[in-house]
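One structure is given below, encoded as structure tokens.
Just so you know, all these numbers are worked out from the coordinates, no wet-lab data involved. Quantities reported herein were computed from a predicted structural model and do not represent experimental measurements. Positions of Cβ are backbone-derived with ideal geometry, glycine not excepted, and every protein chain shown enters the neighbour counts.
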Amino acid sequence: MGKTFAEKLLARKAGLSEVKPGQIVTVRPDHLLTHDNTAAIIGKIKDELDEFGVIDPELSIIVLDHVVPAANEKTATNHKVIREFVKKHSLVNFYDAGEGICHQVVIEKGFARPGTIIVGSDSHTCSYGALGVFSTGIDRTEAASLMLTGETWFKVPRSIKINLSGKFVSGVSAKDLVLTIIGDIRADGANYNSVEFHGDLSGMSIEDRITVANMGVEMGAKNAVFPVDEITRGYLESINMEADSYEAVWADEDAEYYQELTYNLGEVEPVIAKPHTVDNVTKITDLEGMKIQQCLLGTCTNGRLVDIEKAATLLKGQKVSSDVRFLVLPASRAILNEALRLGYIESLSMAGAIILPPGCGPCLGAHMGVLAPGEKCLSTANRNFKGRMGCKEAEIYLSSPETVAVSAMHGEVTDPRKVNM
Amino acid sequence: MANENQIWKYGDDINTDMLFPGKYTYTCSTAEEIKPHLLEDLDPLFAQGVQRGDIIIAGKNFGCGSSREQPALGLRAVGIKAVIAKSYARIFYRASINQGLLLIECPEAVDLIQDNSTVELDIENGIITIDGKEVTFPTLPEEILAIRDNGGLLNYTRKKLRARQTK
């Protein structure tokens with residue numbers, strides 16, 4: 001019997017010839033990601049850090065992104081504590097406020113190396129599955145323990161296989177696909193499972209794959225992963241990662257799956273996740289014309305150059321509706337710089353969009369863009385939980401960047417297929 | 001051990017924002033800071049009314065969403081004896097082991113327990129007795145129990161580090 005991606009990779013990393021679902025294995029992850037919560041993490045192990053130090057100064061990747069630039073004295077102090085910790089322990093992989101959202105930075109800086117394991121004290125750490133990485137979220141306490149010991153345990157997951165084929169029609173993208181899947185299998189449909197994407201993936205760009213893998217956790221998955229193919233290798237080359245510097249892993253043809261699903265990208269329609277759960281998914285046609293007061297384009301799900309390009313192309317020479325605040329947050333400084341160079345930021349700002357610095361802030365109600373009671377926000381983020389954007393009487397709707405951009409222009413939910421994008 | 005305290009009963013998909021709002025994630029880290037905001041957007045009466053030994057009952061996918069550990073840390077700190085749910089989201093499940101909070105996955109018990117039920121827990125043998133009726137739940141593997149029984153992951157890690165040092 002063949003093995004799944006998770007079974008193969010966890011066996012390799014645990015130094016075992018084979019592992020089975022349900023088995024507990026001890027592994028040493030290749031990297032540990034933490035962000036603004038690093039301050040709270042190191043606060044738990046102050047004495048131990050003084051006595052034993054960190055296990056490996058190259059293990060940690062620390063990116064300040066959740067509340068940047070600092071919103072108040074408390075968050076400013078957190079950032080300061082983290083900078084001092086980085087210096088004291090000579091940590092090499094530190095990215096200060098403004099560099100970008102941790103998941104985008106990890107990918108851009110070449111840490112997401114196929115065939116490796118990355119754990120992070122952030123639930124969307126699963127994003128790197130787009131590049132053949134076994135990556136998953138952990139809590140702060142586990143991150144603290146990892147800083148000291150470098151090792152942790154995993155239960156080998158069962159796996160779900162999702163077969164993809166075809167190409168998206170104009171106005172539809174990977175966000176619509178992943179919301180459709182979550183609507184079908186629900187928010188716990190992949191609980192404790194490893195989700196593998198198979199089939200003809202030529203219609204799925206690296207950006208599409210990151211969007212889909214990013215939302216693996218919204219279906220409950222431990223990790224979500226794509227094979228390393230020409231598209232992946234092309235991207236990795238573009239960030240100067242040489243092909244002989246990684247060893248990709250993929251499932252055997254005859255591996256055993258708990259469940260199999262099939263989607264044709266050409267049949268995917270624009271959808272929206274309604275309040276207050278990500279699996280409350282409906283076709284856009286059910287909500288067309290609904291007035292919105294805020295639109296958000298950005299986050300680790302959809303803040304990449306292609307997403308900004310779509311909005312800029314649409315809004316060039318046009319105006320954002322005067323009834324809407326349209327917030328645009330590029331996912332990283334590299335993306336912001338490129339969007340500036342290409343004139344996208346100018347187009348968006350001229351149209352009336354509010355350009356925010358790269359970071360996470362509004363997505364979790366931590367910083368900027370907070371909603372008022374009774375307001376509705378259409379967002380490219382990955383969560384629409386009650387209170388998520390700082391107000392429990394507000395409503396968050398999730399959609400693709402295409403839908404957000406078109407709707408920001410019209411002041412109401414608008415089907416992007418009706419516009420030439 | 002009979003349950004003389006309250007039962008707090010909630011539905012499906014109780015997410016981490018309901019258990020502990022994201023807007024406090026970077027300003028509240030200690031148990032004392034977390035306690036007043038526990039379940040704030042789900043049940044405003046919880047933080048004031050909860051007592052040591054209380055039990056939370058919930059539907060499927062309890063704790064879904066963010067990786068923030070404040071819900072697990074806070075529920076342990078206010079003395080929740082156990083959460084009994086139909087299923088859990090995995091990061092919350094892991095965080096609870098790491099905090100030493102007892103989670104029981106038992107759909108049958110969730111359906112049986114009423115607000116005024118008497119609930120007895122036999123953790124070692126995986127038995128819940130609800131108004132005299134016994135139902136069983138799966139116990140954890142030894143490797144994982146070692147974390148919980150050592151008072152959570154950090155205590156366990158400290159012991160391991162000390163043991164290595166003395167070798």
Report, for the protein assembly as shown, the % of DSSP beta bridges that are antiparallel, rounded to 5.
25 percent
Residue order, fewest to most beta carbons within 10 Å, for A:Ser347, B:Ser117, A:Ser60:
B:Ser117, A:Ser347, A:Ser60
Loop-only GluC sites (Glu not before Pro) in segment A:147-249, please: DSSP not H, G, I, E or B, and at most 16 other Cβ atoms within 10 Å.
A:Glu151, A:Glu242, A:Glu247
Amide H neighbours of A:Ser135 under 5 Å, at least 5 residues apart or on other chains, H built in the peptide plane: list them.
A:Ile118, A:Gly129, A:Ala224
Kindly provide the trypsin sites (Lys or Arg not before Pro) of segment A:214-319 that DSSP labels as loop, not H, G, I, E or B, and whose Cβ sees at most 14 other Cβ atoms within 10 Å.
A:Lys316, A:Lys319
Quick one: Debye curve from the alpha-carbon atoms of the protein assembly as shown only, equal weights, vacuum; give me log10 I(q)/I(0) at q = 0.11, 0.12 Å⁻¹ to two decimals.
-1.01, -1.22
Taking every other residue with Cβ under 13 Å from the Cβ of A:Leu16 and scoring Lys and Arg +1, Asp and Glu -1, one gets +3
Taking neighbour Cβ counts within 10 Å as the exposure measure, how do A:His103, A:His89, A:His79 sort from fewest upward?
A:His89, A:His79, A:His103
Starting from the amide H of B:Ser87, placed 1.01 Å from N in the peptide plane, find each other amide H under 5 Å away whose residue is 5 or more places distant or on another chain.
B:Lys60, B:Asn61, B:Phe62
Return P(r) of segment B:7-166 (all Cα-Cα pairs; 10 Å bins starting at 0; whole %; ordered from short to long distances).
11, 40, 35, 12, 2, 0
Tell me whether segment A:65-212 comes out rounded, prolate or oblate; compute the Cα gyration tensor, take square roots of the eigenvalues as a ≥ b ≥ c, and use a/c under 1.5 as the rounded threshold.
prolate
To the nearest whole number, what is the average tally of beta carbon atoms from other chains within 10 Å of the beta carbons of peptide A:75-81?
1
Low-density loop GluC sites (Glu not before Pro), segment A:341-404, at most 16 other Cβ within 10 Å, DSSP non-H/G/I/E/B, are A:Glu393
Let's see if you can work this out: charge +1 on each Lys and Arg Cβ, -1 on each Asp and Glu Cβ, no other charges. What is the dipole magnitude of chain B about its Cα centre, in debye to the nearest 20?
1120 debye
Helical contribution to [θ] at 222 nm, DSSP H n ≥ 4, -39,500 (n - 2.57), averaged over chain A, rounded to 500:
-8500 deg cm²/dmol
Would you mind working out the magnitude of the charge dipole of segment A:37-89 relative to its Cα centre, with +1 at each Lys and Arg C-beta and -1 at each Asp and Glu C-beta, to the nearest 20 Debye?
260 debye
Cα Rg, Dmax (largest Cα-Cα span) when computed across segment A:330-421, Å
14.0, 39
Fraction of beta bridges assigned by DSSP in segment A:258-409 that are antiparallel (%, nearest 5)
25 percent
What the 5 Å binned alpha carbon P(r) of segment A:5-264 shows, as percent of pairs per bin from 0, is 1, 6, 13, 17, 18, 16, 13, 8, 4, 2, 0, 0
Among DSSP bridges having both ends in segment B:7-166, what percentage is antiparallel? Round to the nearest 5.
40 percent
Would you mind classifying segment A:356-403 by shape? Square roots of the alpha carbon gyration tensor eigenvalues, ordered a ≥ b ≥ c; an a/c under 1.5 is rounded, otherwise it is prolate if a/b is larger than b/c and oblate if not.
oblate
Can you put A:Lys20, A:Lys8 in order of Cβ neighbours within 10 angstrom, beginning with the fewest?
A:Lys20, A:Lys8
Given the candidates A:Ile55, A:Ile160, A:Val217, the one whose Cα lies deepest towards the positive end of the charge dipole of the protein assembly as shown, counting +1 at each Lys or Arg C-beta and -1 at each Asp or Glu C-beta, is A:Ile55
I'd like the FRET efficiency for A:Asp50 and A:Val419, computed as 1/(1 + (r/R0)^6) with the beta carbon distance as r and R0 of 45 Å, rounded to 0.05.
0.15
About its Cα centre, the protein assembly as shown carries a charge dipole, from +1 on Lys and Arg Cβ atoms and -1 on Asp and Glu Cβ atoms, whose size in debye to the nearest 20 is 1140 debye
